[in-house]
Amino acid sequence: MLSLVVCVVVPHSFQVPTAALLVVTALLAALGLQFTRWVSILLILYCLGTVISVLYLFIGFTNGAPNDAIIQSALVYVASPLIWIVISTSLIQRLGVKRTVNWLLVLTWAAIASIVLFFYAYFAFGRESVRFLTEDANINVSGGFAGATMLVYGSMIFLAGAFFAEPAVLRWRLARFATPAALIAAAATSGRAAFLIAIPIGFVLGTLLRPGLHPRYVEGKTGGIPLLPAIGVLGAITVGVVILNTVFTQLDLRFIAELFWEKLTSGGGSERVEQADALWAGIEESYGLGHGHGVGVAYLRSDEFPWRYELLPLASVLRVGILGTLIYALPFLVGIFAVAQRFQARELTRYDIYLSGGLVTATIATFTNPYLESYIFQWMFFLPLVALGQRTVAPSGAEQVPRTGSSLDEEPLASPLKY
């Protein structure tokens with residue numbers, strides 16, 4: 001759990017200690033791991049992806065990829081996914097999906113608190129007071145715009161998308177009303193389009209998935225797609241906007257909305273459009289077969305890491321080709337299939353919707369930010385994947401389903417997945 005707390009609340013602030021903590025946590029978690037059918041499927045898909053990674057690491061090396069690029073790619077595409085699969089599986093098997101989601105809700109407020117403290121410390125004590133969190137600590141509040149160089153906003157993409165997909169996982173009604181207001185305030189002052197867009201995406205996805213909820217969740221007082229919670233969330237958003245206008249007099253919300261819309265309609269800005277053109281040219285040059293890991297194109301996005309790009313799906317096709325990218329995507333496609341099965345059978349739980357909202361918004365964010373290539377942010381992808389398919393595990397290792405008469409809060413409700 002400590003590993004998850006660090007990766008969610010202070011990501012990339014203490015990179016070497018965090019990496020060591022993840023390795024130690026994975027080794028300890030592996031001792032009590034129980035290999036269910038879902039875990040076995042994920043491990044098989046991981047092995048397929050590893051074969052692709054090793055092959056294209058070799059191709060990249062022969063094509064002149066720098067040694068640093070080969071080493072980093074091996075860590076990100078081979079070592080890190082296995083570490084997070086092991087940690088996530090152990091966490092879900094020990095705590096269960098419900099308690100894990102409850103912890104994510106707690107971490108949502110911890111992340112919001114870290115943003116508030118960052119702003120306060122920066123303005124009260126200066127840049128040096130927060131430099132330990134990020135080297136290039138900076139806050140820009142001018143011309144009606146607000147933005148801060150905080151990597152916790154990456155975590156907030158998942159947490160905001162998940163919460164707006166299913167606010168009902170939060171049982172305390174006052175917190176259920178306050179959380180969307182706080183998330184809106186955090187998003188508006190982040191300067192991150194991916195964070196802002198995660199909110200409507202999560203809300204829409206939750207609305208679309210809610211008809212697939214198990215009847216136990218919608219009978220009686222809720223009776224179908226709940227209207228009052230949606231009205232409550234919209235009311236909380238309104239409160240958040242009012243608070244922003246009152247507290248941050250320098251902010252121009254209309255200006256922020258216009259900037260967001262301009263960036264959205266322009267494909268992420270001119271830099272990403274140029275990057276996409278260069279990546280596509282590289283893909284055509286290899287006929288969609290891939291140039292290998294660590295091999296870049298003419299467009300330079302980072303002087304320090306010239307082989308890295310923000311448009312991860314296109315960058316993946318450039319490196320490992322169309323087939324390799326599809327193999328990389330298999331775990332996520334299987335996760336979508338699992339959710340679709342439960343939706344069709346009306347066996348979704350609120351936790352399924354919450355985790356799906358986070359996973360989808362984080363995945364969409366990879367089209368503008370390479371979060372999946374960060375060993376710290378990979379929790380946003382592997383934790384929900386493991387949780388969406390994991391079942392209650394008996395001491396023998398067999399998958400079990402709670403009794404029909406169990407509590408509303410118990411999980412999972414669905415029968416074992418059919419493959």
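All of the numbers you see were taken from the coordinates with simple rules; none came from a lab. Being a predicted model, the structure only gives us computed values, none of them experimental. Note that we place each Cβ from the backbone using ideal geometry, even for glycine, and neighbour counts take in every protein chain shown.
Once phi is turned into θ = phi - 60°, what whole-Hz ³J(HN,Hα) does the Karplus curve with 6.51, -1.76 and 1.60 give for every residue of the range 25-32, x standing for Gly and Pro?
Taking θ as phi minus 60°, the curve returns 4, 5, 5, 5, 5, 5, 5, x Hz for the range 25-32.
Sort 375-381, 330-336 for me by packing, meaning the mean count of neighbouring Cβ atoms within 10 Å per residue, highest on top.
375-381, 330-336
Determine, for L312, L300, the number of other Cβ atoms within 10 Å of each Cβ, and report the residues in order from fewest to most. It would help to have the intermediate numbers written out before the result.
Values: L312 20, L300 11.
Listed from fewest to most nearby Cβ atoms, that is L300, L312.
Quick one: 3J(HN,Hα) in Hz for the range 155-172, Karplus 6.51/-1.76/1.60 with θ = phi - 60°, rounded, Gly and Pro as x.
Whole-Hz 3J(HN,Hα) from phi for the range 155-172: 4, 5, 4, 5, 5, 5, x, 5, 5, 6, 5, 8, x, 5, 5, 8, 6, 7.
Hey, rough spin-label estimate for T207 and T62, points 7 angstrom out along Cα→Cβ, what's it come to in nanometres?
Going from the T207 label point to the T62 one covers 5.2 nm.
Give me a comma-separated list of calculated 3J(HN,Hα) values for the range 59-75, in order, Karplus coefficients 6.51, -1.76, 1.60 applied at θ = phi - 60°, integers in Hz, x for any Gly or Pro.
5, x, 4, 5, 8, x, 5, x, 4, 4, 5, 5, 5, 5, 5, 5, 5
By the gyration tensor of its Cα atoms, with a ≥ b ≥ c the square roots of the eigenvalues, what is the shape of the range 270-370: rounded for a/c under 1.5, prolate for a/b over b/c, or oblate?
Details: a/c = 3.31, a/b = 2.07, b/c = 1.60.
Prolate is the answer for the range 270-370, as a/c is 1.5 or above and a/b outweighs b/c.
Could you order peptides 10-20, 158-168 by the average number of other Cβ atoms within 10 Å of their residues, highest first?
For the peptides 10-20, 158-168, the packing ranking is 158-168, 10-20.
What order do you get for 92-101, 122-131, 345-354 when each peptide is scored by the mean count of other beta carbon atoms within 10 Å, highest first? If you can, show how the numbers build up before the last one.
Details: 92-101: 19.3, 122-131: 13.4, 345-354: 23.5.
Highest to lowest by the protection proxy: 345-354, 92-101, 122-131.
Given a Förster distance of 45 Å, report the FRET efficiency between L75 and R173 from their Cβ-Cβ distance, rounded to the nearest 0.05. Numbers along the way, then the final one.
On the way: r = 44 Å, r/R0 = 0.97.
Calculated value: 0.55.
Can you work out the FRET efficiency for the pair A19 and W109, with r the C-beta to C-beta distance and R0 = 30 Å, to the nearest 0.05?
0.70
Roughly what would the spin-label model give for L289 and Q344, points 7 Å off Cα along C-beta, in nm?
Rounded to a tenth, the inter-label distance reads 3.8 nm.
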